[in-house]
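K.L.:
I have a structure here, written as structure tokens, and I will follow up with some questions on it.
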Amino acid sequence: MADLESAVAKLRRAQAELPRAEKRAARIIAEARERIAEARAELAEAIRAASAAGMRQVEIVKITGYSRERVRQIVNAAEPDGED
């Protein structure tokens, strides 16, 4: 009987931890997404600066791995749109 009660208590403790773990995970994911957005904006600015300094788009494509069309869009963008 003690083993059964112990197992039930263990399950209930584990179940009680789930909402806290989900909140922590959601916070970690949100923070990671924010870092990605910041890095994209920084990369877009670096792409625009490299282009303005005379670097050819084909070289930017090689370095970034972006398509030539995406590089063109970033270079021609007046404001970073968060989707770079």
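The values are calculated or read from the model by the stated rules, or taken from the named source; none is laboratory data. Fair warning: this is a prediction, and the values are worked out from it, not measured in the lab. For neighbour counting, all protein chains shown are included, and Cβ atoms are generated from backbone atoms with ideal geometry for every residue, glycine included. These accessible areas exclude ligands, DNA and RNA; they are computed on the full protein's heavy atoms, side chains included. Shrake-Rupley method; radii C 1.70, N 1.55, O 1.52, S 1.80 Å.
K.L.:
Check Glu17 against each of (1) under 16 Å from Ile63 (Cα atoms); (2) of a type in the set (D, E, K, R); (3) open to solvent by less than 100 Å² (accessible area, probe 1.4 Å) and name the one condition it does not meet.
P.N.:
Unmet condition: (1).
K.L.:
Do we have any residue at all in the range 26-43 that's free of Cβ contacts under 8 Å to residues at least 24 places away in the same chain and in contact with a Leu (Cβ under 9 Å, 6 or more places away or on another chain)?
P.N.:
no
K.L.:
Need the failing condition index for Ala37 against (1) over 21 Å from Arg68 (Cβ atoms); (2) open to solvent by 90 Å² or more (accessible area, probe 1.4 Å); (3) within 13 Å of the chain's Cα centre (by Cα), just the number.
P.N.:
In the conditions (1) over 21 Å from Arg68 (Cβ atoms); (2) open to solvent by 90 Å² or more (accessible area, probe 1.4 Å); (3) within 13 Å of the chain's Cα centre (by Cα), Ala37 misses (2) alone.
K.L.:
Return the residue satisfying two criteria in turn: it lies in the range 48-67 and is surrounded by 10 or more Cβ atoms within 10 Å (Cβ to Cβ) and within 19 Å of the chain's Cα centre (by Cα), and of such residues it is farthest from Ala77 (Cα to Cα).
P.N.:
Thr64
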